[in-house]
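Undergrad: Right, I'll just put the structure down here and ask away after.
The values are calculated or read from the model by the stated rules, or taken from the named source; none is laboratory data. Note that this is a predicted model, so its numbers are computed, not measured. No Cβ is skipped: glycine too gets one built from the backbone with ideal geometry, and neighbour counts run over all protein chains shown. To get the accessible areas, we keep the full protein, side chains included, count just its heavy atoms, and leave off ligands, DNA and RNA. Shrake-Rupley method; radii C 1.70, N 1.55, O 1.52, S 1.80 Å.
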Amino acid sequence: MVTISPEARISLLATGHFLSIFPASALRFPIKRSEIKVLPIALPVACVPNGIVTLKNRTLSPVARLFIQHAREVAKPLVKKKS
């Protein structure tokens, strides 16, 4: 079963026939579900490429330019050096 709906995943989990992976932050439900057990499993973090997309022939606002500038400064030390 493939779904991104957290409500559907929780309902499937509650049946006892399914497993799912949630980030730890998503496991702080407002309502505790006693039929769901959280297993503390550490998974490696996946490296997902990110990018900045702009519209062609459009002027960026000063706020957008500032955001892009700061995002590049933050990302620069995270880039792996190619040898």
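Undergrad: Of the residues Leu55, Leu60, Leu13, Leu66, only one is surrounded by 10 or more Cβ atoms within 10 Å (Cβ to Cβ), in a loop (DSSP other than H, G, I, E, B), of a type in the set (A, V, I, L, M) and over 17 Å from the mean Cα position of the chain (by Cα); which?
TA: Numbers: Leu55 fails: surrounded by 10 or more Cβ atoms within 10 Å (Cβ to Cβ); Leu13 fails: in a loop (DSSP other than H, G, I, E, B); Leu66 fails: in a loop (DSSP other than H, G, I, E, B).
The conditions single out Leu60.
Undergrad: Turning to a different aspect of this structure: Pairs, please: C-beta under 7 Å, at least 6 apart or cross-chain, first residue more than 20 Å from Ser34 (Cβ to Cβ) and in segment 2-23, second open to solvent by less than 90 Å² (accessible area, probe 1.4 Å) and assigned to a helix (DSSP H, G or I)?
TA: Thr3/Arg9
Undergrad: Inside segment 30-50, can you point out the residues that are in contact (Cβ under 8 Å) with a residue 12 or more places away in the chain and open to solvent by 50 Å² or more (accessible area, probe 1.4 Å)? Quick ask: steps written out before the conclusion?
TA: Filtering segment 30-50 for residues in contact (Cβ under 8 Å) with a residue 12 or more places away in the chain gives 33, 35-36, 43, 50.
Of everything in segment 30-50, those that are in contact (Cβ under 8 Å) with a residue 12 or more places away in the chain and open to solvent by 50 Å² or more (accessible area, probe 1.4 Å) turn out to be Arg33, Glu35, Leu43, Asn50.
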